[in-house]
Amino acid sequence: MNKLFNNRVRHVLELIAKDLRIEFRHREVLYTMVFFSVVVVLVFSFAFVREGHAIDNVAVGILWIAILFSGTIGISRTFDRERQYGTMRALLLSPALRSAIFISKMVSITLFMLLTQIVVIPLIAFLFDVPLLNHLGYLLLVIFLGILGIATVGTVFAAMMLFSPSREVLLPVVLYPVLIPLFIGATKATDTLLRNPLDIPVLYFWLKFLCVFNIVFLLIAVWSFEELVLE
Amino acid sequence: MRKIIVFLLIGLCSVGFPTTLYLIFYKAPLQDVLYFNQKIFYYHVPSAFMMFVAIFACGIGSVLYLWKRNPRYDFWAQTGAELAVLFGAIVLMTGSIWGKAAWDVWWQWDARLTSSLLVWVIMVAYVFVRHYGGIGADRLSAGLAIFGMIDVPLIYVSVNIWRTIHPQTSVVPQLEGMMKVTFWISVLLFCAFFSLLFALTMAQRKAMAQMDVIRESALDLGVIE
C-alpha cells in the first residue's frame, strides 16, 4: 500500500519536473503569460484612467482579470505543447495514473501563474498607487487560493477539449462562467486587504469560501478526470 | 401511448394558454402595489420553476451519462440544457420587465438575479460546447454540466453577500383567492408545456440518432456515397 502510494507521488513529481524542465528550456509559456498580463494591465489602465487618476477600486479587478486571462493563455499553451508533439497520447499510455497526470499539470500551471504575479502585482501597485503589498502574507494566500482554483478547473477543461478543433474559443467560454464564484471571492478578499483597518471577519469569510471552492473542485476534478479524459 | 400523451399535452397547452391569459387579465384581482405590472408574475415564476427543472434534468442526465455511457441520458442532458436556456431567457426577460416596474431599473445586481444569470450563462455555454465542440463534445459538455451543478450553491453563497431586493419566496404563499388559483394553473400549464417540449425534443434526438445509424450502415453497404 505504502509502496503504491510512493509510486504515485513519484509519478506526480516526475511529471512536474518534466513540465518545468521543458518550460525552463524554452521559457515560452512564462514569458508569454508575463507579457500578456502586462498588456492586459495597460489596456485596462487606458480604459480606466481619467485625467491622470485611476477610477477608485479598479486595481483589484484589473489584477484578477490579468490573472484570469493570462492563466487561460498559460493553460491552453501548456496543453497545446503536449498535443503539438503528440506527447499527450504517450502520457495517457504511460503507467502513470490519470489523476497523477492531472495533479502534475495542475501544479505546474499553478506554478507558472504564481511566477507571473511576481511581475504583475508590483506593476499594479506601482501604476495605480494602491497599498497591495501591505498585508503580503494574506495577499499571497488569496492569490494562491485563487490561482489554484483557476488551474484546477482550467486543467480539467483544457484536457477534455485537447482534441476538439475549436478549443481556443471554447476554453474561456466554458471556464469563465464556472469560475465566477471564485472570481467574486478572490476580488472581494483582495479588496479587503486594501482597506484600513483590515476587516478580519470579512477577509476570513472569503478565505474560507475560496478554500471550500478549491477543495470541492479538486475532489471533483480528480474524480472526473479519469472519466472525462478518455482517449 | 407516447403519441397519445403528446397529443394530450398539445391539447392541454392550446387550451391552457388562452385560459391562463383570460384568468390573469380578467379574473385575478389587481395587486395593490404594482397594479397591472404584477401580472407578469404569473408567467415569470412558472418559467423559473421550469428552468430549474430543466437544469436538474441536465445535471442528472450528465452524471448518469458519464456513469452508464447510455446515449439516452446524454439526450436527457442535452434536452434539459436547451430547455433551460429557453425558459431562462423567458425568466430573465419577464424579470427585467418586472424590475423596471418595481425598482425602475431594467437590471439590478441583486443576488437572485445575478445567480440566475450565471446559471443561465453556464447552460448557454453547455449548448455552445454541444454545437461547436466537435469530437468528444458529449463528454466535455457532461463535465461542464457537472461542474456547473456543483457551482450552483457556490454561486448562490458568493452572490448572496450583495444586498437582495428581489421579493423573497414568501410571495407565493401570500397569494390569495383568484390570484392563487391563477398562479397554480399557470404553473400546471408550464409543466405541461415543458413536458411537451421535452418529449418532442427527445423524440427528435432519437430520430436523428437512428438516422445516423441508418446512414452509417448504408455507407457500409455502399448504397449511398
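The values are calculated or read from the model by the stated rules, or taken from the named source; none is laboratory data. As the structure is a computational prediction, the values presented were derived from the model and not from experiment. Quick reminder, even Gly has a Cβ in these numbers, built from the backbone with ideal geometry, and neighbours come from all protein chains shown. Note: accessible area is taken over every heavy atom of the protein model, side chains too, but ligands, DNA and RNA are not part of it. Shrake-Rupley method; radii C 1.70, N 1.55, O 1.52, S 1.80 Å.
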If you place +1 on the Cβ of every Lys and Arg and -1 on the Cβ of every Asp and Glu, how big does the dipole about the Cα centre of chain B come out, in debye to the nearest 20?
360
Taking a crude spin-label model, label points 7 Å out from Cα along the C-beta direction, the residue A:91 to residue B:3 distance in nm is 5.4
Show me the trypsin sites (Lys or Arg not before Pro) within segment A:170-230 that DSSP assigns to loop and that have at most 16 other Cβ atoms within 10 Å of their Cβ.
A:195
Just counting partner chain Cβ atoms within 10 Å, what average do the residues of peptide A:153-166 show around their Cβ?
4
From the cross-link list B:68/B:206; B:3/B:27; A:3/A:105, the entries with a Cα-Cα span beyond 25 Å are B:3/B:27
According to a simple spin-label model (label point 7 Å from Cα along Cα-to-Cβ), what is the distance in nm between residue B:211 and residue A:215?
4.9
What does the convex hull of the alpha-carbon atoms of chain B project to on average, in nm²?
15.3
If you fit an axis through the alpha-carbon atoms of helix B:137-160 and take the longest principal axis of the Cα set of chain B, what angle between them do you get, 0 to 90°, nearest 10?
20
Per residue of A:213-222, how many C-beta atoms from partner chains lie within 10 Å of its own C-beta, taken as a mean?
2
Residue among A:126, A:146, A:112 farthest towards the positive dipole end of segment A:77-162, charges placed on Cβ
A:112
Highest mean packing first, using Cβ neighbours within 10 angstrom, the peptides A:73-84, A:18-29 sort as A:73-84, A:18-29
Hydrodynamic radius (Kirkwood) for segment A:1-92, which is based on Cα pairs only, to one decimal in Å:
16.0
Residue-wise HN-Hα coupling along segment B:65-76, computed from phi with Karplus coefficients 6.51, -1.76, 1.60 (Hz; x: Gly, Pro):
5, 5, 7, 9, 6, 9, x, 3, 5, 5, 4, 3
Estimated inter-spin distance, residue A:204 and residue A:9, nm [label 7 Å along Cα→Cβ]:
3.2
Under the classification rounded if a/c is under 1.5, otherwise prolate if a/b is larger than b/c and oblate if not, where does the protein assembly as shown fall, given a ≥ b ≥ c as square roots of the Cα gyration tensor eigenvalues?
oblate
Show me B:152-160, A:86-94, A:48-56 ranked by packing, highest mean number of other Cβ atoms within 10 Å first.
B:152-160, A:86-94, A:48-56
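If you take the accessible area of B alone plus A alone and subtract the pair, what total do you get in square angstrom, rounded to 100, with a 1.4 Å probe?
2500
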Two-decimal log10 I(q)/I(0) for segment A:2-230, as the Debye equation yields it once each C-alpha is a single scatterer, q = 0.13, 0.17 Å⁻¹
-0.78, -1.24
Averaged over its residues, how many other protein chain Cβ atoms are within 10 Å of peptide B:131-142's Cβ atoms?
5
Which lysines have a Cα lying under 21 Å from the Cα of residue A:188, excluding residues fewer than 8 positions away in the same chain?
A:208
Partners for residue B:100 among lysines (Cα-Cα distance below 17 Å; same-chain residues under 8 apart left out)
B:39
I'd like to check one number: the per residue accessible area of segment A:2-230, probe 1.4 Å, reported in Å² as a whole number.
46
Provide the FRET efficiency to the nearest 0.05 for the residue A:119-residue A:2 pair, computing r from the beta carbons and using R0 = 45 Å.
0.60
